[in-house]
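Worksheet for the structure shown next.
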Amino acid sequence: MCSMQIVPASPELWPLIATLFAAGGDPKWCWCQYWRKPGANWSNTTPAENRADLEALVGTDPAPGLVALRDGVAVGWIGLGPREDFPRLGRSRTIPQLPGDAVWVVNCFVVAKGARRTGVATALLEAAVTYARENGAAIVEGYPVRTGGGRIPSASVYTGTAGMFERIGFEVAAETT
């Protein structure tokens, strides 16, 4: 297996990121914008608008996500940032908010179909925790899905799996409904 490099998203990487997201499934529609847009804005958005919004964010500091690269190809993405960057979370009735300042959120994984089950998502999550801390995070939170040990559709685990989060040291602060 080739070695993997994980780096912050940047304008230079945009063509690789766009290829990863455009490959199909929910990422092709969402472009990691779901948590960034309140309900009414989300309902009225298009894939082209979401793509343009992510492309604009890719040039910001801190980066809106990290990219996993193998042999010059983007094989994974993790969306992250300060919690205040995700207004939908503040309005959620199902996702409890941890108290405190400097809370960062990990909320979106995209892994290329051919790279799944090879450790890409776990490596991205570990790198995201490091990146968040380097950028001032006191707490990193996520909203992973419990799979019960079974396989579930990739569209249902875009926030990651509880087992993956727990394996790298995350603890359950509160259950979502």
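The values are calculated or read from the model by the stated rules, or taken from the named source; none is laboratory data. All values reported here derive from a predicted model rather than from experimental measurement. Counting neighbours? That spans all protein chains shown, and the Cβs are built from the backbone with ideal geometry, glycine included. SASA here: full protein model, heavy atoms, side chains in, ligands and nucleic acids out. Shrake-Rupley method; radii C 1.70, N 1.55, O 1.52, S 1.80 Å.
Side notes on the structure shown:
- Distance between the modelled labels on Trp29 and Trp42, one decimal in nanometres: 1.2 nm (7 Å Cα→Cβ projection).
- Percent accessible area from carbon and sulfur atoms, segment 108-177, protein chains only, probe 1.4 Å: 50
- Highest-first arrangement of 136-147, 28-39, where packing means the average Cβ count within 10 Å: 28-39, 136-147
- Backbone N atoms of segment 143-177 closer than 19 Å to the 7 Å Cα→Cβ label point of Gln97 belong to residues 143-144, 173-177.
- With protein chains left intact and a 1.4 Å probe, residues in the chain average 52 Å² of accessible area per residue.
- Surface composition of segment 23-73: carbon plus sulfur atoms hold 53% of the accessible area, using a 1.4 angstrom probe and ignoring ligands, DNA and RNA.
- DSSP-defined antiparallel bridges as percent of all bridges, the chain, nearest 5: 75
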